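The values are calculated or read from the model by the stated rules, or taken from the named source; none is laboratory data. Computed from a predicted structure; not experimentally measured. With ideal geometry, Cβ positions are generated from the backbone for all residues, glycine too; neighbour counts draw on all protein chains shown. Side chains are part of the model used for accessible areas, which takes the heavy atoms of the whole protein and leaves out ligands, DNA and RNA. Shrake-Rupley method; radii C 1.70, N 1.55, O 1.52, S 1.80 Å.
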Amino acid sequence: MYNLMIALVFSLLSCGASDLGGINTTPPDHSVWNELLGKHVKEDGMVDYRGFIRDREKLEAYLKTISSNPPDREKWSEEEQLAYWINAYNAFTVKLIADNYPVESIRDLGPKLKIPLIKDVWHYKFFKIGGQESSLDEIEHGILRKEFEEPRIHFAINCASFSCPPLLNEAFVPERIDQQLDQVAKSFINDPKRNKISKDKAEISSIFSWFKGDFTKNGSLIDFLNQYSKVKLSSNAKISHLDYDWSLNE
């Protein structure tokens, strides 16, 4: 029932397009973010938030660049836009945790409500894009899911929690983004801590329940998983979903 409620909420949130965007802007240099990720994120995606706090000046400088250079949809390539929005989501998530550290879970930063994910931390407008107040929810649902038919984004954006796809320890860049998206998809789906896949049975992340529609536009969920899973599922394999661990990814 809980997963069904969340899936319904995400479906409702996916409606409508975002008006965030720029005119005659230039794609930003993501090298500072790349440096910070390489320094403070381990290979397994665990994050040293204390390290980011020590490097707050560099993080804020990068975020200022992001805030002042929203994508020009008419001039930027799709790869440039994707890299921008994925990096923006991840960098602002790190800022959110760093600004409120220490915290046991990102969900502790939002109000406790009976209906999950309504007016929660993801809806907080704590940053600006092109002068407009925005939220992580708007980037994820109003832009990434709405404007790009790219289900692999779910393995690229990180919600600062253990069950999330691990934060990649390098910035997404336009010239390699397809390769990077393939990398994070394969890494997550074949991670036995987050998905347990055998030929006839799979216990998989709740992400595949919440966003099932994103993964099944060109076939079944099993078809999608088999594109990246080392163990191939049979067409009638039994699928169930694992509980989600929202503890901080540090």
Subset of region 21-79 (residues that are outside any loop (DSSP other than H, G, I, E, B), within 23 Å of residue 185 (Cβ to Cβ) and not aromatic (Phe, Trp, Tyr)): 34, 37, 38, 41, 47, 78, 79
Give the residue that is nearest to residue 63 (Cα to Cα), with candidates limited to residues of region 136-157 that are over 10 Å from the mean Cα position of the chain (by Cα) and part of a loop (DSSP other than H, G, I, E, B). 148
If only one of 55, 48, 29 is open to solvent by 10 Å² or more (accessible area, probe 1.4 Å), modelled with pLDDT of 95 or more and in contact with a Ser or Thr (Cβ under 8 Å, 6 or more places away or on another chain), which one is it? 29
Looking at region 232-246, I want the residues that are under 15 Å from residue 189 (Cα atoms) and have a partner that is basic (Lys, Arg) and assigned to a loop (DSSP other than H, G, I, E, B) with Cβ atoms under 8 Å, at least 6 apart or on another chain. Which pairs are those? 232/199; 233/199; 242/194
So, of the residues in region 233-250 that are in a loop (DSSP other than H, G, I, E, B) and small (Gly, Ala, Ser), which turns out to be surrounded by the fewest Cβ atoms within 10 Å (Cβ to Cβ)? 235
Only one of 129, 189 is crowded, with 22+ Cβ neighbours inside 10 Å, aliphatic (A, V, I, L, M) and more than 28 Å from residue 70 (Cα to Cα); which? 189
Mind telling me which of the residues 90, 69, 100 ends up being in contact with a helix residue (DSSP H, G or I) (Cβ under 9 Å, 6 or more places away or on another chain), among the polar types (S, T, N, Q) and open to solvent by 60 Å² or more (accessible area, probe 1.4 Å)? 100
I need the full set of residues from region 141-150 which are open to solvent by 20 Å² or more (accessible area, probe 1.4 Å) and out of contact with any Ser or Thr (no Cβ under 8 Å at 6 or more places or on another chain), in order please. 149, 150
